[in-house]
Structures are given as structure tokens and as C-alpha cells.
């Protein structure tokens, strides 16, 4: 088997794998379906794709057959009929466009027409390799963009791809120019194997980088979960203490009434008022707890409110939400934890009138939040941290944006005279 035949055979399996990524993004796996079934499905789809390409060289018939094969594979997943039909068509459309783009690029590089590129084995193989690399990255971008629970790649991932794709393109171009000198069969095969190996290495490097990024995100997620758990434990302890105090007050209520009655009968008005004031302070422990029934948000708001008060910041909150919201607990921790931390940081730089005003209202299936806080007169147009440690700070608003983008949302940031306002709406959280 020659290198050219190996590349042609691999294309069917690559296309099948990329269809697998699309189905994983837009549809759900069936219950009790073994993972091996999906792997076998990819292999069978790849084999049938190669058979179709071999038996049906006519482009239109081949595209129709591949579409039918990919639609059949998509039924391994749960989804609407619309999704089962459109996903394979989208996959094949993207594949066709990337092939046309690479074909045009090669025709410019080699100053020849597309027919000559398709007829020449070396240039054709170069086109196949480059088009599959480009197809891979386009599909990966779609997966990063639309899969809600997926970990999105940062800008460095795309810079890495651009560098690797550029190096691969230049290397393949150099190989093709070298092969125009009619070298020996050994050198020709070595060049083709090297080109194929470079392409595979590019994909492996991107895959390793992506997995490293995912591991980093998992560690961050674990840290957020630990913070959330600590705050919830403290919140539950505060609730337990308040309940114990309430039970004690209820138990002693009869004695308190007797004491008040005796003060009134003896005409000791001042002593009676002092006694009532002490009871008010005694019973006021419940006011230190934000209790809406949503344990995660209650814990975050209570912890941040207590921190604000320790720093002499006036903290007021109007929270009207149901117990259950369709928002991940860790996402709540990122959104509200970062927003309130930023507000506290801004208030620390204000000399007088330090305040944080929070409004969190649930209405018609949407969660509307507005957090206003005092700030110094100097505006921060780039919204960067003013802390010395810029590596570990200054990512709060970025994290809020990225987390909100997991949901249908609208975000607005305002900097007025002496006030910073963060407003957002998360739709369909019922």
C-alpha cells in the first residue's frame, strides 16, 4: 500500500470521527448504550465512506451516499429528525468548503489550475492533508462554541493551531517543490511519510494542549466547589445557630413576659424599655442570614455581605428567587462570587459612602440581577484589576462573561460618576 492510498483511506475515518464530534455537541447519547458502540459506529461509517468513494466516483452520487451513511450513524444519538438530517449535511458542507479553500490556496501557491492539482498525486495528497487539518479545527471551534458543558479553548489554542497549520503548509509546499526534481522512489516515499507524520503530530499536539486546558479547568472547578462548600457549611452553621437561638427564645418567652409584666406593674418604664431593647438584640440573630431557600446563592450572599460589613461597607440586598434555578451551582459561585468580590475591592478604594446594592429578581422564567457599588472617581476603561498581583486577580469580569455565555443572557456594564453597575439577565432558568 502506497502513502497516497493510505491517505485516501484515512480520510473516510477522519470524516466519521468529525461527525462523531458534531453529534456529541448537538445531540445526546442514548441511555444504556455502551461507549464501544459509538467507536464501532465511527469505524463502520469510515469504511462505508471509503467504499462509497471507491464505487461512486461521480461527485453528486458520492455526496448523496455519504450523506445517507452519516444520517444513519447519527441515529445512534437521541435528537430530533431535524438534527439527524441537518448535522450530516452541515458536516459535509463544511468539508466541501474547506476542500475548495485549500484547492484554491494550492492553485495560487503552485501557479496551476485545480485539475492539475487533482491529477498530480503529490499535490493532491498535500491538499487532502491540509483540508482535513482545516476541517478538524473548524469542527473543533463549533464544538467549543456550542457545547454548553464543554471547556472552551482560550486564544493561545487558536494561535498554536495557526502556527502549526502555517508550518505544515510551508513544509508540504517545500516537499512538493522538492519532488518536482524527480528524486528516487525512496526519497519520494520518505518525504510523503514525513508530511503525513507532521500532520498527525499537529493533531496530537492540539489534542494534548486541549486536554491540558481541560485538566486546568477541572482543577479550577474543584477549587470553586471547595469554596462553595465551605461557604455553604458556614451558612448552614449560621442557620443552625439562629434556629437554636429562636428555640431558646421561644422556651424562655413565658419568663420574659412575666418580667415585662412586673416592670409595667411597678411602673418602671425605663427598665422595661431597656429590657425590651435587650430582647430585640437577642432575637436579631436571624437578620444576619440571607434566606431565600436557594442554599447556594444564600451562602454566597451571606458570606460576601458579612465580609463587606467587616470592611465597613453598607450592603443591602433585595433577593426574590425560587429555591430551584436551572443554573449550575459552580456557575452561581463564579458569577455572584466574582461580582461581589469586585464590588468589595472597588469599595475598599473609596474613603466615604461605601455601599453595595444588590437586586436579584426572578420573573417570567428569567433571572434579573443588578449590582451597584461605589467606586473612586477615576474610571477604569479596560476594567482591569488595580491590585498588585495582576496574575491572580483581574479575571473576575472575564470569568463572569464566560460563565454567563453558557446560558442565554444579556450583560451590561456601566461606570457612572462614583458608581459601578453590573447588570445581567439569564433567560430560561425556570
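Below are the figures for this structure:
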quantity: Residues satisfying the stated conditions in the stretch 302-316, i.e. in a helix (DSSP H, G or I), in contact with a strand residue (DSSP E or B) (Cβ under 6 Å, 6 or more places away or on another chain) and touching a residue at least 24 places away in the same chain (Cβ under 8 Å); calculated: 308
quantity: Unique residue being free of Cβ contacts under 8 Å to residues at least 60 places away in the same chain, in a helix (DSSP H, G or I) and surrounded by 14 or more Cβ atoms within 10 Å (Cβ to Cβ) when the list is 89, 129, 94, 108; calculated: 94
quantity: Residues being at pLDDT 70 or above, assigned to a loop (DSSP other than H, G, I, E, B) and loosely packed, with under 13 Cβ neighbours inside 10 Å - total across the stretch 378-413; calculated: 1
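Condition check ((1) in the same structural domain as residue 341 (by TED's automatic domain parsing); (2) under 29 Å from residue 406 (Cα atoms); (3) modelled with pLDDT of 70 or more) across all residues:
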{"position": "240", "(1), (2), (3)": "no, no, no"}
{"position": "259", "(1), (2), (3)": "no, no, yes"}
{"position": "278", "(1), (2), (3)": "no, no, yes"}
{"position": "306", "(1), (2), (3)": "yes, no, yes"}
{"position": "317", "(1), (2), (3)": "yes, yes, yes"}
{"position": "323", "(1), (2), (3)": "yes, yes, yes"}
{"position": "327", "(1), (2), (3)": "yes, yes, yes"}
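The values are calculated or read from the model by the stated rules, or taken from the named source; none is laboratory data. This structure is a prediction, so every number in the text was calculated from the model and none was measured. Cβ coordinates were reconstructed from backbone atoms using ideal geometry, including for glycine residues, and neighbour counts include every protein chain displayed.
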